[in-house]
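Notes to accompany the following structure.
Bear in mind these aren't lab numbers, they're just calculated from the coordinates by the rules spelled out. What you see is a predicted model; the values in this text were computed from it and never measured. As a convention, Cβ positions derive from the backbone with ideal geometry for all residues, glycine included, and neighbour counts pool all protein chains shown.
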C-alpha cells in the first residue's frame, strides 16, 4: 500500500526523461535510477500488481521520499545517473567497492619536455592519461619497465640544453639528458609519443621506425646511436613477445567477465589492442548480493567507462544488458570516433575469451577471499594481544580513536575513526570542525570533540528509550577501547570528559604516544610497550594513522572551503544558505566547476539563470 507521503509525490511526477532518487526516513539516498518517462517508471514500483524482485521489494519498503531531476534526453539521464551514484553511493545500487580514485599514468604532454608521473586525477588539460590501474604498485612496475625502453625525465630541472653536466641517470641509461643537449626537443617528444603508443599496444609502427633509424645510423657510422637503438628494440621485443595474439581483426577490444559469491563480485577486464592481449585488471563490486547478473555487468560498464581514458571500438560482455543501445551511444560520444559495439558472443574465439576472463575472475575472487580471511585471522590475533597487554576483561569488538589537526591554530579539525573486530568501519567515521577553541590548543580541541561525541551517546540513548525509538549505531554504542593520539596530556583531558558522563570506569581509555608507540593508561605510571613486530602494534599504528589521515583531510577541507566561500560570495545571488548548500553537495570549487547546470539546479534555491552564472564566473 502506498503511504500518504508517497502518494502525492507519485501524482506529481512528470512524463519526461530524468533521474529519480529514493530516500529512506533518515534522508539518505538509497537508490538512484533513470527513466525515459519518470512518471511511468517510478509509479511502477508502487503498483499493487508490480512483480518486484527481493531487492526491489526491500528497497521500496524503506522509501519515504522521492526526488527527481528532469533532463533533455535519455543520454543526459544516463550521464546524470552515473554522477549521482558516484556522489551518493546508494545502498541498493551496484558500485565499485573501492572509494578511492584509481591510479593512472600521466604524460605531461603540454610541457616542452614531458615527464611521466602517476596521478589519481584525470583532467581535461591537454595532457595524456593511461589507465586506470587497480594498484599503484602495478603502475610503478609498469613505469620501471617503460623507463628502460623510453628513458624519460624524472627530475625537476628547467631544460635549457646548456647545463654543464647530466645527473647519474644519464650514465646508467635511464635518461637521455636533454638538460645538456644530448637530445633535442623534437626527438625527445617523439620518444615520449612512442611511449604513449606502446601503452596503447601500438608497437609495430615504433619497431619499424626504430629499425629504419638504426640502419641509417649504422650507414653513417654513428655506431653509438645504432647500438642504443638496437638495445631499445631488444627491450621492446622482450615485452611484446609476452603479448599473446588473441584476435586477427586487430579491433581494439575490452573483454569483461565476472565471478561472484554470496557477498562480493569480481569483474575481470582483458585489454586487447591490435589483436594482442596487452594487460588485464580486476575490480571488486559492492551491493551485488541481490543484483541480477545483467544489472551487475551494466553497472560496471557505466562506472568503469566513466573513468576510463580510452574507449575501445568493441566491448565483449558475458550477458545481455538492458541499456545496451544508449550505452553504445554514450561510449561513442565519449571517444568522438567510430561506433562502439557491445557484443555478447555465442560461439568461437570471442566466446572463448569470455570463458578465459571468467576463469581469471574466479581465481582472483578466490585469492581475494583467502587474503580477506587471512586478514581476519591477523585481526583476531592483534585484538587478543591488545586485550592481554592492557589487562582488559572484555574482547575489543569496537575500538574508537581520536585525533586533532590544525595549522598554527587555524582550521582546527578533529576525527573519530571506528574499528569493528579489527577492521575499519567507515560508515561510523565522523569529522569535527572545532568550534569553541581559539588558537592552537590541541588539548582543549580534543576535549571538545570527545564532549560532543559522548553528548550524542547520551541523547541517542535517551531517544532510543522512547516509544518507537531507535539506537544510533554510530554514537549509541560505547567503545571497548578508546584511544586518543597524543600520550599523557590528551589522556587527562579524555578522562575528564568520560568522568563528566559517568563513563570513566566503563570505557577503557589509553593514550598513544608517537615515537616508540608507548601506550599510556590512567592508573599506571609506566607505559605499555608492545613487541615491535607484534600484530597488536601493527593494528594500533593502523588505527592511529587512520585517525590522523581522517583529521588531516577534514582540516584541508576546511582550509579549502574557507577560500571557496570567498569565491562564491563574489557571485551575485549566492548568499550564506546557497553557498553552504553548494559546498555540501559538491565539496569544493573543482566539484562545483565540473557540475552540470542540471545538477546545480537540483540544489534548493538555485535557479537556471543562477546556475549558468555560477558556471560562467567559475
By how many nm would the segment from residue 615 to residue 123 lengthen if fully extended, with 0.36 nm per residue of separation less the alpha-carbon distance?
-> 175.4 nm
Could you give the distance between the Cα centres of the range 288-347 and the range 419-480, to the whole Å?
-> 43
Normalised by the number of residues in the range 6-73, what is the relative contact order in percent for Cα pairs under 8 Å and 6+ residues apart?
-> 45
Using DSSP, restrict attention to beta bridges with both residues in the chain and report what percent are antiparallel, rounded to the nearest 5.
-> 80
Helix 488-500 vs. the chain, principal-axis angle (Cα, 0 to 90°, nearest 10) = 40
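Nearest 0.05, what FRET efficiency do residue 187 and residue 370 give at R0 = 41 Å with Cβ-Cβ as r?
Details: r = 49 Å, r/R0 = 1.19.
Efficiency for this residue pair is about 0.25.
How high is the relative contact order of the chain, in percent, counting Cα pairs under 8 Å that sit 6 or more residues apart? Walk me through the numbers before you get to the answer.
Working: 972 pairs, mean separation 49.7, N = 618.
For the chain, the relative contact order is 8 percent.
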Expected unfolding gain across residue 64-residue 601 under the 0.36 nm per residue rule, minus the alpha-carbon gap, is 191.1 nm
Return one number: the angle in degrees, 0 to 90 and rounded to the nearest 10, between the long axis of the Cα atoms of helix 348-389 and the longest principal axis of the Cα atoms of the chain.
-> 40
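Arranged from highest to lowest average of other beta-carbon atoms within 10 Å per residue, in what order do the peptides 347-353, 78-84, 288-294 appear?
Numbers: 347-353: 12.7, 78-84: 20.4, 288-294: 17.0.
Put in order of decreasing packing, that is 78-84, 288-294, 347-353.
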Part-to-part distance (alpha-carbon centres) for the range 505-543 and the range 27-77, which is given in Å = 50
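Would you mind calculating the relative contact order of the range 570-617 from Cα pairs under 8 angstrom and at least 6 residues apart, reporting the percent as a whole number? Could you put the intermediate results ahead of the total?
Values: 28 pairs, mean separation 18.7, N = 48.
Normalised by residue count, the contact order of the range 570-617 is 39 percent.
Fewest Cβ neighbours within 10 Å first, please rank 111, 264 accordingly.
111, 264
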Pulled fully out, how much extra length does the chain show between residue 336 and residue 549, if you take 0.36 nm times their separation in residues and subtract their Cα-Cα distance?
-> 72.7 nm
Helix 185-199: angle to the longest alpha-carbon principal axis of the chain, degrees 0 to 90, nearest 10?
-> 70
222 nm [θ] for the chain, helices only, -39500 (n - 2.57) per DSSP H run of 4+, per residue, to 500?
-> -14500 deg cm²/dmol
For the residue pair residue 15 and residue 525, what label-to-label distance in nm results when each label sits 7 Å from Cα along the Cα-to-beta-carbon direction?
-> 8.5
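Can you work out the FRET efficiency for the pair residue 538 and residue 462, with r the C-beta to C-beta distance and R0 = 45 Å, to the nearest 0.05? Numbers along the way, then the final one.
Working: r = 38 Å, r/R0 = 0.85.
Computed FRET efficiency for residue 538 and residue 462: 0.70.
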Nearest-5 percent of antiparallel DSSP beta bridges in the range 398-556?
-> 70
Mean Cβ neighbour count within 10 Å, used as a protection proxy, ranking 164-175, 469-480, 189-200 highest first | 189-200, 469-480, 164-175
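Hey, with R₀ at 35 Å, roughly what FRET efficiency would residue 499 and residue 470 work out to, going by the Cβ-Cβ distance, to 0.05?
Numbers: r = 28 Å, r/R0 = 0.81.
The computed FRET efficiency comes out at 0.75.
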Going by how many other Cβ atoms sit within 10 Å of their own, how do 109, 137, 68 line up, fewest first?
-> 137, 109, 68
Least to most buried among 301, 207, by other C-beta atoms within 10 Å and fewest first, runs 207, 301
